[in-house]
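For reference, the structure is listed below as structure tokens.
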């Protein structure tokens, strides 16, 4: 892991960019010098690690006493896209713009993203847990499809906060019954791009004995700020 830059923010959080092979990422750590728990934070469908809403979530969570890491998934953010990536995304934009059924196009775009993202997250997790300022346990926050696959394949994930937005491929809907860690699922009741019933069915499918659903009125990007406060309390219960 190579740290490329660092800056101390106004709230005392240290923000550092890093590269790990071909994986670019950002790590935020709190002012505390003692080893702290880690939260892996991913945005829906591979939006970049520099996305303002993700950065705001990361800084808030780090200030609450966590190390927080985000990476760009393969084909997203600062990472190059293949011709197949570009064609699949163009097909998705055309289908959405035309109001056509987009499930199969979403499957073609999001399924491969998840399969490529999870190994990168596990590689990043290996490196982060080698840093003296990070002691674990490990939580996950964000992109639901990646969170499901990571929770099933990575035993170091102790709790997960998921956003019920973004397409969840069939493979991850099937994997949901294997998820056994505590979950907090956030649902925007009026999300224009994600059918409410599909999110409710997914919540019902999770196999864990401890799962909580928070539903709020509003569209896709309207999640209330207080949910970030509640999310931090969720991680406090399970990671501290």
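Nothing in this text is a laboratory measurement; each read-out follows from the coordinates by a stated rule. Quantities reported herein were computed from a predicted structural model and do not represent experimental measurements. Backbone-built Cβ (ideal geometry, glycine too); neighbour counts: all protein chains shown.
In table form, for the structure just shown:
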read-out: Per-pair calculated FRET efficiency, R0 = 30 Å: residue 7 and residue 229 via Cβ, rounded to 0.05; value: 0.75
read-out: Difference of contour (0.36 nm per residue) and Cα-Cα distance, residue 192 to residue 86; value: 35.7 nm
read-out: Between segment 102-153 and segment 189-205, the Cα center-to-center distance that results, in Å; value: 21 Å
read-out: Sorted by Cβ density within 10 Å, fewest first, the residues 225, 189, 143, 28; value: 225, 189, 28, 143
read-out: Footprinting exposure proxy for 125, 131, 38, 183 (fewest neighbouring C-beta atoms within 10 Å first); value: 131, 125, 183, 38
read-out: Relative contact order of segment 141-223, defined on C-alpha pairs under 8 angstrom at six or more residues apart (%); value: 30 percent
read-out: Computed E for residue 126/residue 173 - FRET, C-beta separation, R0 22 angstrom, nearest 0.05; value: 0.20
read-out: Relative contact order of the chain, defined on C-alpha pairs under 8 angstrom at six or more residues apart (%); value: 16 percent
read-out: Global geometry of segment 152-240, whether rounded, prolate or oblate, following the gyration tensor of its Cα atoms and the 1.5 cut on a/c; value: oblate
read-out: Label-to-label distance, nm, for residues given as residue 133 and residue 180 (7 Å Cα→Cβ offset); value: 3.4 nm
read-out: Ranking of 32, 50 by count of other Cβ atoms within 10 Å, fewest first; value: 32, 50
read-out: Where a label projected 7 Å from the Cα of residue 34 along Cα→Cβ would reach, residues of segment 116-150 with amide N under 17 Å; value: 132-138
read-out: Length-normalised contact order for segment 1-74 - Cα pairs under 8 Å, 6+ apart - percent; value: 33 percent
read-out: Gyration tensor (alpha-carbon) shape descriptor, segment 197-236, a/c threshold 1.5; value: oblate
read-out: Expected 222 nm ellipticity per residue - DSSP helices of 4 or more, -39500 (n - 2.57), all of the chain, to 500; value: -12500 deg cm²/dmol
read-out: Once the Cα gyration tensor of segment 97-209 is diagonalised, semi-axes √(5λ) in Å; value: 26, 16, 12
